[in-house]
């Protein structure tokens, strides 16, 4: 696969976002990353030979600034990977009857609003160019819930909305030669899953829940699928939700 000259905007600078940025750069893409931590963004951008923007992408002005900077520094955007997201547990996410107002609002802002804002800004440019690919970050918990350790219903609602939006976007933008897909990982070794990584009960469950891995997935496992869906090999694929879950859904 050759991505020489393509500009990829990736809204994450750690975990899956970082792994995808590195892999895309290996294949020749010019990568622009976004995140909340200045040092992490700067280091990843330097490693990939691209650019970065530090900011909260749930703020409309920050999302627009990130897209504008990417275009100014690297050129028109060929591929967008909406990775930005986080667990809302520390903000008050949980089972519906226990979710706080702030937990609900912040979880949807981080996981859904960011996807909308960045997509809106990028698609306004892609429609004019009549080309591009968008990949949205969903989650296996949106359609294969697990009540014992992952009863975070605002997060599931946000990711379910991402899937619905992905399908609608794909239907509309196909006529503009723009592909839109989603990827739905299982439990992955990222900064977001540190709680799970330290919980022996969850690790024991993952041996059965994710039998292909026997544990948590690696970010590279998801990154390889992401690069495929955004790359030329998936030119005829749109409106799909690809589960990369090591067997979670069927176990």
Residues satisfying the stated conditions in the stretch 221-251, i.e. more than 30 Å from residue 174 (Cβ to Cβ) and either in contact with a strand residue (DSSP E or B) (Cβ under 8 Å, 6 or more places away or on another chain) or at pLDDT 95 or above (or both): 246, 247
Hey, among the residues in the stretch 71-85 that are touching a strand residue (DSSP E or B) at 6+ places or on another chain (Cβ under 7 Å) and more than 25 Å from residue 190 (Cα to Cα), which one's surrounded by the most Cβ atoms within 10 Å (Cβ to Cβ)? 77
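Residues checked against (1) more than 23 Å from residue 143 (Cα to Cα); (2) crowded, with 22+ Cβ neighbours inside 10 Å:
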residue: 166; (1), (2): no, yes
residue: 183; (1), (2): no, yes
residue: 189; (1), (2): no, no
residue: 194; (1), (2): no, no
residue: 216; (1), (2): no, no
residue: 221; (1), (2): no, no
residue: 234; (1), (2): yes, no
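Of these, 115, 107, which one is surrounded by 19 or more Cβ atoms within 10 Å (Cβ to Cβ), more than 18 Å from residue 171 (Cα to Cα) and at pLDDT 95 or above?
Details: 115 fails: more than 18 Å from residue 171 (Cα to Cα).
Only one candidate qualifies: 107.
Taking the stretch 23-60 as the region of interest, how many residues are over 17 Å from residue 117 (Cα atoms) and crowded, with 17+ Cβ neighbours inside 10 Å? Steps first, answer last, please.
From the stretch 23-60, those over 17 Å from residue 117 (Cα atoms) are 23-31, 37-52; that's our starting set.
With the extra rule that they be crowded, with 17+ Cβ neighbours inside 10 Å, the set shrinks to 23-25, 29-31, 40-41, 44-45, 48, 50-52.
Final tally of qualifying residues: 14.
Taking residue 162 as the residue in question, decide whether it is in contact (Cβ under 8 Å) with a residue 40 or more places away in the chain and not in a helix (DSSP H, G or I).
Values: in contact (Cβ under 8 Å) with a residue 40 or more places away in the chain: yes; not in a helix (DSSP H, G or I): no.
Against the criterion (in contact (Cβ under 8 Å) with a residue 40 or more places away in the chain and not in a helix (DSSP H, G or I)), residue 162 does not qualify.
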Wholly within the stretch 175-251, helices (runs of 4 or more DSSP H) carrying at least 1 residues that are over 24 Å from residue 147 (Cα atoms): 219-230
Any pair with Cβ under 8 angstrom, 6 or more apart, that starts in the stretch 177-191 at a residue that is at positive phi and touching a residue at least 40 places away in the same chain (Cβ under 8 Å) and ends at one that is surrounded by fewer than 24 Cβ atoms within 10 Å (Cβ to Cβ) and assigned to a loop (DSSP other than H, G, I, E, B): 177/130; 177/131
Out of the stretch 122-143, which residues are out of contact with any strand residue (DSSP E or B) (no Cβ under 8 Å at 6 or more places or on another chain) and either in a loop (DSSP other than H, G, I, E, B) or without any contact (Cβ under 8 Å) to a residue 12 or more places away in the chain (or both)? 124, 128
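Conditions tested, residue by residue: (1) closer than 22 Å to residue 126 by Cβ; (2) in contact with a strand residue (DSSP E or B) (Cβ under 6 Å, 6 or more places away or on another chain).
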position	(1), (2)
3	yes, no
11	yes, yes
18	no, no
21	yes, yes
27	yes, no
41	no, yes
45	no, yes
49	no, no
65	yes, no
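The values are calculated or read from the model by the stated rules, or taken from the named source; none is laboratory data. Bear in mind that the values here come from a model prediction, so they are computed numbers and not experimental data. A quick note on method: Cβ atoms are made from the backbone with ideal geometry, for glycine too, and the neighbour counts reach across all protein chains shown.
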